[in-house]
Protein chains: 2
Amino acid sequence: MDNQPLPAARQRLLDAGLELLLERGYHGVGIQAVLDASLTPKGSFYHHFRDKEDFALQVIDAYMAGVHGALDVSLADVSVPPLERVRGFFGLVAGGYAKDGYLGCLLGGLGQELSGVSPVFAQRIDGCLSYIADRLAEPLDEARSVGDLPPSTDPKALATRLVDCWEGAALRSRLSRDPAPLREMLDFFFHAATRE
Amino acid sequence: MDNQPLPAARQRLLDAGLELLLERGYHGVGIQAVLDASLTPKGSFYHHFRDKEDFALQVIDAYMAGVHGALDVSLADVSVPPLERVRGFFGLVAGGYAKDGYLGCLLGGLGQELSGVSPVFAQRIDGCLSYIADRLAEPLDEARSVGDLPPSTDPKALATRLVDCWEGAALRSRLSRDPAPLREMLDFFFHAATRE
DNA sequence: CATCATCTAGACCACTCGGTCTAGACCAAA
DNA sequence: TTTGGTCTAGACCGAGTGGTCTAGATGATG
């Protein structure tokens, strides 16, 4: 059902929306701006999306598709030590941030802006972050098994902490348009987590 | 010069703005909503503030005045061990979050929403976070001196990491309207930082 | 060709936005 | 009492918003 190639206009709108929402936020982007950026008339927009909220939620889905890909790529190679697989994931993500000029993470941006008034967005984005933590918990558990993390480690809790702290570092990176907070946060985190 | 009591209307507007901006964000709050919430006519608003941007920046100043107060209160008592002073600060901040129903931190909220398009807000908010880290670096340095932190600790870097990770936990707390991410993040952080 | 659903095209609408403007209330000083 | 600055009061404005509507282009199928 989803295997047919996406209509061109729909894909153009999602691509433009991803870029614009990351830069300007939900209320900072008018539908007209998305239309202009993607050279698409308004009729097409409302054919493919129910309204602006539906559009933004589908942009989040598109963003998460990229995250899923990065997770699959990073965590698949079991010949790499588990902690390095986790770091590799964040390396891929940071590489994505670089392409946008270090505007941080769409989940953090929309989450901050909308979660005060929209339970729909709040739950959706909270679920996305939980999903990432769940995926990361597996290699962390493996790392504990092979002795790369202390036996007292709770992999799920550690993964949640890692994702949360990453979002904080992503905010700081966005404020300063600088990748340094991301790398420094990972250095601290892995240094700290491996001690006990 | 600043010692005279603030005009009542100005204070009412700032109070209402703080609450509304935290909940709905910059573009989610119209000036009319601030006027309605503070029972103030529009003429007063534009008498006291140049425009909406100026207003939001002054709301940030008001927010930071509270942070300064919390820092002063928490860090002053040298009879308390330095690491407990730092934790005490975050305890006060978390208590403030509780009063709003765990909507997180205004700096994180406005920072995410506006830093993509407004260098003014980006630099202002980055400066606020840096200031907090600077203040926290002092007790962390003291903790290192008395042996509560490893000698290899870089107090300024550790303080910056702490503030960044706190902002990430505050986002998560906002998404779920739950204080747990805040406490868990602090537990992890202090456990980790005190190991070598 | 004829039919019909899908998608493009953009004019149009009601409404809200940030911001301006004028009028007047209030009060201290002359 | 008159003056003049500060602050309140809200009508008003142009621009832009999200969303609707009708018309037509397109393309697969009978």
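Structure notes:
- Taken together, the residues in the stretch B:9-31 that are farther than 15 Å from B:L114 by Cα, within 11 Å of another protein chain (Cβ to nearest Cβ) and within 14 Å of DNA strand D (Cβ to nearest atom) amount to 1.
- Subset of the stretch B:24-46 [near DNA strand C (Cβ under 8 Å from one of its atoms) and surrounded by fewer than 18 Cβ atoms within 10 Å (Cβ to Cβ)]: B:H27, B:G30, B:I31, B:Q32, B:A33, B:K42, B:G43, B:Y46
- Selection status of B:S152, polar (S, T, N, Q) and within 19 Å of B:V80 (Cβ to Cβ): no
- Residue match in the stretch B:110-128 (condition: facing another protein chain (nearest Cβ under 10 Å), under 23 Å from A:S152 (Cβ atoms) and either at pLDDT 95 or above or touching a Pro at 6+ places or on another chain (Cβ under 8 Å) (or both)): no
- Counted residues, the stretch B:156-186 - those being part of a helix (DSSP H, G or I) and either more than 18 Å from B:C128 (Cα to Cα) or among the small types (G, A, S) (or both): 17
- Lone unmet requirement of (1) crowded, with 16+ Cβ neighbours inside 10 Å; (2) within 16 Å of DNA strand C (Cβ to nearest atom) for B:Y97: (2)
- When each of A:D72, A:D61, A:D77, A:D54 is tested for being free of Cβ contacts under 8 Å to residues at least 12 places away in the same chain, more than 11 Å from DNA strand D (Cβ to nearest atom) and more than 30 Å from A:A193 (Cα to Cα), the lone residue that passes is A:D61.
The values are calculated or read from the model by the stated rules, or taken from the named source; none is laboratory data. A quick note: this is a predicted structure, and the numbers were derived from the prediction, not measured. Every residue, glycine as well, gets a Cβ built from its backbone with ideal geometry; the counts of neighbours run over all protein chains shown.
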